[in-house]
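So the structure is just underneath, and the comments pick up after that.
The values are calculated or read from the model by the stated rules, or taken from the named source; none is laboratory data. Treat the numbers as computed from the prediction; the structure is a model and nothing was measured. Please note: Cβ atoms are built from the backbone with ideal geometry, for glycine as well, and neighbour counts cover all protein chains shown. Ligands, DNA and RNA are stripped out before the accessible areas are found, and what is left, the full protein with its side chains, is counted by its heavy atoms. Shrake-Rupley method; radii C 1.70, N 1.55, O 1.52, S 1.80 Å.
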Amino acid sequence: EPHALPAGARAPSLMCDRGCEAAARRAQLAAAFSVANPEAHVPLFDRTRQPVYSPALLSAAQADRSFWEALERELVVFVAEGGARRLGLDPMPRGTRVLVYELAEKGYGLSGVATGAEPRRAITLYKSPSSGAPARTLAAAAA
C-alpha cells in the first residue's frame, strides 16, 4: 500500500547534497552566461579551435621550421591520446619557452609549468578535457 501524507500535512524538505549544490551552481552560471543547456554546451575553444598566433611565434616558426613542426607533431599526439595527462619537454632557452607556452595554450588548450634551473629549465605541459589540436597549425600559418 503506498505511503501518503495526512491531509493538510507538508512533505519534509530534503537537504541539498554536493551533487545538488554543483547542479545549482552550473544552472546559476548557465543563466549568467546565457547558456540554454549547460549539459550540452560546447566551450568556445572546442567550437572554433582557430588560434591567432602572435607575430613573434610566426616569426620563430619561419626561422626554425624543423623545431616547431616536430613540437606540433608531439603536441598533436599528446592531445589525441587518452592516457597521458602531462608531457615533459626538453630544456630550452627562456625566449623559446615563452613561445612554447603561447603555442600550447592558444593552439592546443594546454597549460604548463617550467621546472629546473637555467640552463636546464624545461616545460611540463598538462592537458584538460578541452585540450585538442587546432584547426590550423602554427606550421600551416607560418608557411
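Scan segment 18-41 residue by residue and report those that are at pLDDT below 80 and loosely packed, with under 10 Cβ neighbours inside 10 Å. So that I can check it myself, show each step before the final result.
In the first step, residues of segment 18-41 are kept if they are at pLDDT below 80; the result is 33-41.
Hits for segment 18-41 are Phe33, Ser34, Ala36, Asn37, Glu39, Ala40.
Would you mind stating whether Gln62 is at pLDDT 85 or above and open to solvent by 50 Å² or more (accessible area, probe 1.4 Å)? Break it down stepwise before answering.
On the way: at pLDDT 85 or above: yes; open to solvent by 50 Å² or more (accessible area, probe 1.4 Å): yes.
Yes.
Can Val77 be described as open to solvent by 70 Å² or more (accessible area, probe 1.4 Å) and modelled with pLDDT of 90 or more? For Val77, the condition - open to solvent by 70 Å² or more (accessible area, probe 1.4 Å) and modelled with pLDDT of 90 or more - is met.
Filtered by the rule that a residue be under 20 Å from Ser54 (Cα atoms) and open to solvent by 60 Å² or more (accessible area, probe 1.4 Å), segment 83-126 gives Pro93, Arg94, Val98, Tyr101, Glu105, Lys106, Ser111.
Considering only residues of segment 127-143 that are farther than 18 Å from Ser54 by Cα and of a type outside the set (D, E, K, R), which is surrounded by the most Cβ atoms within 10 Å (Cβ to Cβ)? Restricting to residues being farther than 18 Å from Ser54 by Cα and of a type outside the set (D, E, K, R), the top hit is Ser131.
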